[in-house]
Amino acid sequence: MSTPTNAQLSSTFYDNTCPNALNTIRTSIRQAVSRERRMAASLIRLHFHDCFVQGCDASILLSEAATSTSERTAAPNAGSARGYEVIDAAKVEVEKICPEVVSCADILAVAARDASFAVGGPSWTVKLGRKDSTTASRDLANSDLPFFGSNVNELIANFARKGLSARDMVALSGAHTIGQAQCFTFSDRINSNGSDIDAGFASTRTRGCRNANLAPLDLVTPNSFDNNYFKNLIQKKGLLESDQTLFSGGPTDSIVSQYSSNPATFKSDFAAAMIKMGDIIDPVTSQNGVHGLLHLLGFDHEISDEAEAEMEEEELLLKTLGWKGKGLIRSAYDADHGTTHLDNTDGTLLNSQSQITSTTAQALREASSKGLKVVIATGKTRPAAISVLKMVDLAGIDGILSEFCPGVFVQVFL
Ligand code: HEM
């Protein structure tokens, strides 16, 4: 199953409910970065480590006390991920102005953007409306976060599983233009005597590790967000194996060359890839994922004596998953029994409030009045589709769908 992205997010999400949220977060992040410049790097990484595990849902913040399996203690995060207290402090400030409105997952996303801008990196419009998770997964953090010893093909595959392209992966790796790494993450590389590492650079880092445990990921300008990271790779001065592999005679060499000679392209690609990364949602607990899962388990949008008997089983399953929405059978049943509100599991005809918008209704009306044949292709039952279209006078004998015209009922997700 591919990872669905979050089409429901919107940059205006808090405009009415907390208009000062973004300013408040920015002030907090700026203060933290001016106290310690490295914090910008740590915050960008925190958002990345959040999004790659169960989607961007703030699961990374949950401590061992809050959940039985904390991501904080997973190998890529333990003794390494930083900035939790900065996010906590921003949350405290936001709670003062609008209690219980802004999610921590959104604060992480905004903090990453503000951190980038604070150290000379690009800014971008952050989409908002993420929901915080109440569960976390150490196992997923261990399996889904990339490993510093990976080769380029492994990295491409790892990011592809999150819906990100090879170009996104290279642009995002450019975050290593700032921040620090501990010696154990690059000791094999500097001691390898390999042909893919500059010998002078290797011995400088070896000496450095005798005195300190940290080295800058970008040796030239470790505190500024620029394209020196890519220039270093061309000189075989990438710190981690997973850095140098991006320029090693493989499929991403040309992207590295492009970013090294064109900083503006790097910055705009980085911003675009951060937005894409911020859209990652959990394939299992997301709406489409649950929908697909229910079908896989044999449930359908049908009403019959057999289906009614199965409804209880389906609801028990959803309860176990902690899913608040309706199951397939319940949706079909409610639609047939005159409920005017439907759960939107397909995300096409209905908006996020489970209503058909006036624009969509108007477009359907205009198309059919101009003699175009409108086909509703849906996995919902006929009664469910008729019931939705009835609300906007588009069902019935002269409507787009009725008991008399066929419609097309397909299952399109899987
Ligand atoms: C491509 C796969 C990646 C691998 C294997 C990787 C691995 C690592 C490792 C091993 C460190 C050093 C951690 C330590 O020593 O404690 C690090 C640091 C860092 N990573 Fe990555 N990373 C990857 C991609 C990314 C991405 C996509 C971002 C953000 C968009 C990112 C942002 C950072 C930053 C900013 C730091 C420095 C953090 C600090 O100084 O606190 N990395 N990464």
With the Cα gyration tensor of the range 184-312 giving a ≥ b ≥ c as the square roots of its eigenvalues, does the rule (a/c under 1.5 for rounded; else a/b larger than b/c for prolate; else oblate) give rounded, prolate or oblate? prolate
Each label point is 7 Å from the Cα along the Cα-to-Cβ direction; what then is the distance between the points at Asp15 and Lys96, in nm? 2.7
Cα gyration tensor category, rounded, prolate or oblate, for the range 67-115 with a/c compared to 1.5: prolate
Gained length - Ala212 relative to Asp253, 0.36 nm times residue gap less alpha-carbon distance: 11.6 nm
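For the range 15-56, what ratio Rg/Rh do Cα atoms give with a Kirkwood hydrodynamic radius?
On the way: Rg = 12.8 Å, Rh = 11.7 Å.
Result for the range 15-56 is an Rg/Rh of 1.09.
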Return the ratio Rg/(2.2 N^0.38 Å) for the range 123-232, where Rg is computed over Cα atoms only. 1.27
Determine the shape class of the range 175-236: with a ≥ b ≥ c the square roots of the Cα gyration tensor eigenvalues, call it rounded for a/c under 1.5, and otherwise prolate if a/b is greater than b/c, oblate otherwise. oblate
Applying a 10 Å radius around every beta-carbon, put 47-54, 290-297 in order of their mean neighbour count, most first. 47-54, 290-297
Separation between the Thr265 and Asn223 pseudo-spin-labels, each 7 Å from Cα along Cα→Cβ, expressed in nm? 3.1
Summed over the other residues with a beta carbon less than 9 angstrom from that of Asp269, with K and R at +1 and D and E at -1, the charge totals +1
Simple spin-label model, 7 Å along Cα-to-Cβ: Gln31 to Thr360 in nm? 4.3
Considering only DSSP states other than H, G, I, E and B, which GluC sites (Glu not before Pro) in the range 34-115 qualify as loop sites with at most 15 other Cβ atoms within 10 Å? Glu36, Glu64, Glu100
Hey, can you rank 196-203, 209-216, 326-333 by average C-beta count inside 10 Å, highest first? 326-333, 196-203, 209-216
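Rule-based calculations on the coordinates, nothing more; no lab input. From a predicted model like this one, the values you see are computed outputs, not experimental measurements. In this analysis, Cβ positions are derived from the backbone assuming ideal geometry, glycine residues included, and neighbour counts consider all displayed protein chains.
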